[in-house]
Amino acid sequence: MQIHKFLRCSLIIVACYFGVSILQGNFKAMLPQIYTTVPNYVGDNRTHSLPSENASERKESTSAVSPQRNQSLSNSSWRVIQSCGKPGKASNKIWPECSTCVPGLKPPACEENEFSELRALKNHIFAMASERYGVKGAGGRLYPYLETPPFQKRQILAVNLLKKAGARRILDFGAYLNPLERFAQFDHEWCPSLIVSIDPIYKGSSKGIPCRNSSGWVTIIHAPLSAQVLSQSSYLRSQHFDSLVCIGCDTTYGPKIAHLANFTKPYRLFLETAYDVQKFTPRDGKITFSQTMELSTPPPGTFVGKPYTSRNIRMLEYGTGFRTSETVLTAVIRRSQAVCSDAFVHTAATECLFPFQIQGQLSSKISHYQHLAGIAEKVWECRGLKAIHVATHPNLRVGIGQRPQCEIKSQLPDGFKFGVRWSENDKFAIKAMSFMSKHVSSCLSFKNETRRFANDMKSESCQCVEKCSFAWLTASGFMTVKPSTTQIRNIVLTQQLCMRRMFSAETWQHESGCIKFPKIESSICGGLQSYGDLVNTLEPLYRGGRNLMFHERGSVIDFVSYLPLPSVPGFNASIEGRKALLVVGANGFFRATKFLIDMYSPYWQFDDVFLFEPDDDGMKIPTQFRDASKFHVVKGFINVGGRNKDDAIIFIQNNFQEKDFVVVMFDVDEGISGDTMEWGFLADLTGQGWKLVDELFIELHMYKPDIGWGFNKHSSQEQLDVLSQLRDKCGFAVHAWP
C-alpha cells in the first residue's frame, strides 16, 4: 500500500517526458516510448504492436501479476489486466460483473456474432485483407497504414482532448486495431470508467485496466458491431456516453448524422475525417476544437491506391448544461465544490493531552456516556476542527434536504422492528411472509435483465431498489423461516446493481452547494486508505444527513441503502490480509451487524467480526454466521483519547495491518442531546499517520429537531460538509449511517 519513492520519481519522469513530447509535436519519437509502458492490445486475444517491438517484449508485457489493492504500480506490474476469464486474457463477458455477453455476441455461449450481416461483413474484410497483404493481412488488417505512427497521431490527439475534457464514458466508432487504450496512460489524473470500441472485425472481448497511482480501473469493451446495428444492443442503449469518437469517419461504414444525433445529450464528439466534416456533424454543436492535420505519406506496402493525408478534425459539445469532468461523476458533492464566502472560522489546533483521564464506571449508563462524549468533544476541538458557530441557527438546519425522486409506495409489514425477529407462530408472521415472498420475487426478476432498464432507466431502477430493499429488510425479520444465504446474496447484489443505475449522473438529480465548514486537508486525511475517484461512485451524501430511504419515504433508520466499495466497478478485491468488520455500538446482532454482513456477502465473508457493546442483549450469534466468520464480542464502553485497551484507535492499531481490509461502523450514543462521541472519534482517526481503515460507516449526531435530536454542538450542514470533504479531498470511503 505504500508508494515507494523510486516508483513515484520514475512515474513523474515518464509523465514529464510524455508531456514535453506532446508539446513539441514529436509524436513519432514518442510512440515507441508509449508502447513500452502501455499494455499491448489484447482485446481479441491477439497482440498487435509497432514494428519496433520484438516478440519477447510483447510476451513479457502481457504476463499477469496480481496487483495489491490501492498499490502504486511500477512499469513492470501495472500492465496487468483483469477479466472474467483466464488471468492476463480478455474475456467474452463484460468485466467486472461477468454476467452479460459483450455487445454483439449471442448469449448464452457468447461465442458467435448475433448479427448475420456482420458475420458476412467480417468474413469479407478478412478475405480482402488476405488477398491484398497475404499473411500480413491476418486478423482483418485491411488498412496497415492506419497502424503507422503518422496516422496514429489522430488517436493520440483524441486521447489528449478526452483527458483534458475529463471524459468518463467513451464510445469509439470503427476503432480498427487502434483502440484508444493503446494510446492512453490511465492514472489518478484521468481514469475513465468505460471505453467501448466497436468494429465488425472484433471477436468480442472485455477487460479491466488499472489506473496508476489510483485504485480505479477502466472497463474496456471491444464489441463486434457497426453503427448501423448499435441501437439493437440493450446494454449499449442503457449506457449514457459522455463522449463519442469517430476517427476516419466515412460515408459507407461509419455513423451517419442520424446515428450521432440520436444519442442522449449532453455529449461531446471527437470527429476526424478526410471528407467534408459537415457530412458527419449534427447541428447545434458547440465547436471547442478545430484543426486540419497534414500527415506524411505512409510506407509503401501498407496501402492500396492513395491514402488521404489531409485530415479534418473537430471536437464539439451537444446539449445544454454540458457536464464537465467534475459533474459527470455520480456524487452529490462535486470535487470542485467551492468554499462559501461566509464560511465559519475554526479554532486553532492545540496539543491534545493524550491520554485523557477516563473515569471508572459511573453510577448510570447515561452519565458515563456523557463523560466519555465530553472527552471526545475535546479531541475534536484540540485537533483544530471545531467551528465557531451556533449549531441551532436556522440556516444550518438542512432539514429533510433533497426532494424525493422515486415513488416508493411499499410499507413494512405490521409488527416489523429492527433487531426483533418473528417466530413462526407470531400473528404478524403469515402476512409478513407473503409480503416478503412477493418482494423477493419482484426483486430477483430484475437480476441481469438489462432490457428492463432500456426505456425508463430511473423509473425501473427505483422500482428495483424499492422491491429489493423491502425484500432484504423483511427477510431479516424471521426467527427460523428465511430465504437461503444464496438468495440473500442475490437480493443484495441486485439491489446494489439497481442503486448504481439509479444514482448515475444521467438519471439522478444531485444537489450541490458551497462548503460552510472547510477543513484543512492535512488535518483530515489520515487513518483511512484513499480510494481516489472510486468514492465518487458510492451512494450520494444527502443534504440533511441520513440516507436514501429517509429522503424518499421518511425512514429515520435504514440499514440497506448503501453501496460499499466492493460493489463499485473497478474495485480491486484482491485482499492480501484479513477482511474484518468492527461494529462499534452493535446494539444486538440483528441490527447493524447482520445487515453489514449481508451488504458484503456477494463479494466475501469477513474473516473476523468484532462487536462492541456494553450490554449482552441480543448479542447471541446464529450458528450459520458463526460457521462463516470468527466473532469477537467486546463487552464494555469504548472511549476516544484514553489510549488504553478500550480506546477505539488503540484497538485498531494493535489488531490490524495495512494489508487487511477493515470496515468500521461507529454509532455510539445515549440520549437525544448533549455531547456526542463520534465527532471526536472521527477527529482522532483522521489524525493518525497510519492508514488501517478502508471503509467507515459513521452516524454523526447533530442538531436535527425534525427527528428529535438536540445535539447542539454540531449542525446538519457541518455533518454534510465534513463527510463530503473526506470523500472529495481524501478519497475516503465514508458513509452517513444509518
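The values are calculated or read from the model by the stated rules, or taken from the named source; none is laboratory data. From a predicted model like this one, the values you see are computed outputs, not experimental measurements. So basically every Cβ, Gly included, is an ideal-geometry build from the backbone, and we count neighbours across all protein chains shown. When the accessible area is computed, the model is the full protein with side chains, heavy atoms only, and any ligands, DNA or RNA have been set aside. Shrake-Rupley method; radii C 1.70, N 1.55, O 1.52, S 1.80 Å.
The figures follow:
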| quantity | calculated |
| --- | --- |
| Condition broken by Asn587, with the remaining ones in (1) on the phi > 0 side of the Ramachandran plot; (2) touching a Pro at 6+ places or on another chain (Cβ under 9 Å); (3) crowded, with 19+ Cβ neighbours inside 10 Å satisfied | (2) |
| Unique residue being at pLDDT 95 or above and of a type in the set (Lys, Arg) when the list is Arg591, Arg578 | Arg578 |
| Number of the exception - Gly526 against (1) more than 25 Å from Ala648 (Cα to Cα); (2) touching a helix residue (DSSP H, G or I) at 6+ places or on another chain (Cβ under 8 Å) | (1) |
| Single unsatisfied condition, Leu582 versus (1) open to solvent by 10 Å² or more (accessible area, probe 1.4 Å); (2) under 16 Å from His632 (Cα atoms) | (1) |
| Elements of type strands (runs of 3 or more DSSP E) contained in region 128-232, each with 1 or more residues being in contact (Cβ under 8 Å) with a residue 24 or more places away in the chain and open to solvent by 10 Å² or more (accessible area, probe 1.4 Å) | 169-173, 217-223 |
| Which numbered condition Phe344 fails, given (1) touching a strand residue (DSSP E or B) at 6+ places or on another chain (Cβ under 9 Å); (2) closer than 21 Å to Gly585 by Cα | (2) |
| In region 606-622, residue farthest from Glu97 (Cα to Cα) [restricted to those that are at pLDDT below 95 and within 34 Å of the chain's Cα centre (by Cα)] | Glu613 |
| Extreme residue, modelled with the highest pLDDT, among residues of region 248-267 that are more than 24 Å from Leu142 (Cα to Cα) and open to solvent by less than 10 Å² (accessible area, probe 1.4 Å) | Tyr267 |
| Within region 147-189, tally of residues that are among the hydrophobic types (A, V, I, L, M, F, W, C) and touching a Cys at 6+ places or on another chain (Cβ under 8 Å) | 2 |
| Of all residues making up region 425-460, the number that are at pLDDT 65 or above and not in a helix (DSSP H, G or I) | 7 |
| Test for Ala391: is it more than 30 Å from Phe428 (Cβ to Cβ), under 28 Å from the mean Cα position of the chain (by Cα) and at pLDDT 75 or above | no |
| Conditions (1) closer than 22 Å to Pro738 by Cα; (2) part of a loop (DSSP other than H, G, I, E, B); (3) touching a residue at least 12 places away in the same chain (Cβ under 8 Å); (4) touching a helix residue (DSSP H, G or I) at 6+ places or on another chain (Cβ under 7 Å): number failed by Ser555 | (3) |
| Unmet requirement for Gln725, which otherwise passes all of (1) more than 27 Å from Phe571 (Cβ to Cβ); (2) of a type outside the set (Ser, Thr, Tyr); (3) touching a residue at least 40 places away in the same chain (Cβ under 8 Å) | (1) |
| Residue list for region 667-678, filter: in contact with a His (Cβ under 6 Å, 6 or more places away or on another chain) and either buried (at least 20 other Cβ atoms within 10 Å of the Cβ) or at positive phi (or both) | Thr676 |
| Filtered residues of region 704-716 (kept if at pLDDT below 90, open to solvent by 10 Å² or more (accessible area, probe 1.4 Å) and touching a helix residue (DSSP H, G or I) at 6+ places or on another chain (Cβ under 8 Å)) | none |
| Pick from region 540-549, criterion more than 18 Å from Arg500 (Cα to Cα) and open to solvent by less than 10 Å² (accessible area, probe 1.4 Å), ranking: modelled with the lowest pLDDT | Gly544 |
| First in region 469-494 and open to solvent by 10 Å² or more (accessible area, probe 1.4 Å), second anywhere and modelled with pLDDT under 80 and assigned to a helix (DSSP H, G or I), Cβ under 9 Å, 6 or more apart | Met479/Ala429; Val481/Ala429 |
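For (1) open to solvent by 20 Å² or more (accessible area, probe 1.4 Å); (2) over 30 Å from Phe356 (Cα atoms); (3) not aliphatic (A, V, I, L, M), each residue gets a yes or a no:
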residue	(1), (2), (3)
Ser561	no, yes, yes
Ile575	yes, yes, no
Arg591	yes, yes, yes
Leu596	no, yes, no
Asp608	no, no, yes
Pro614	yes, no, yes
Asp627	yes, yes, yes
Asn639	no, no, yes
Gly642	no, no, yes
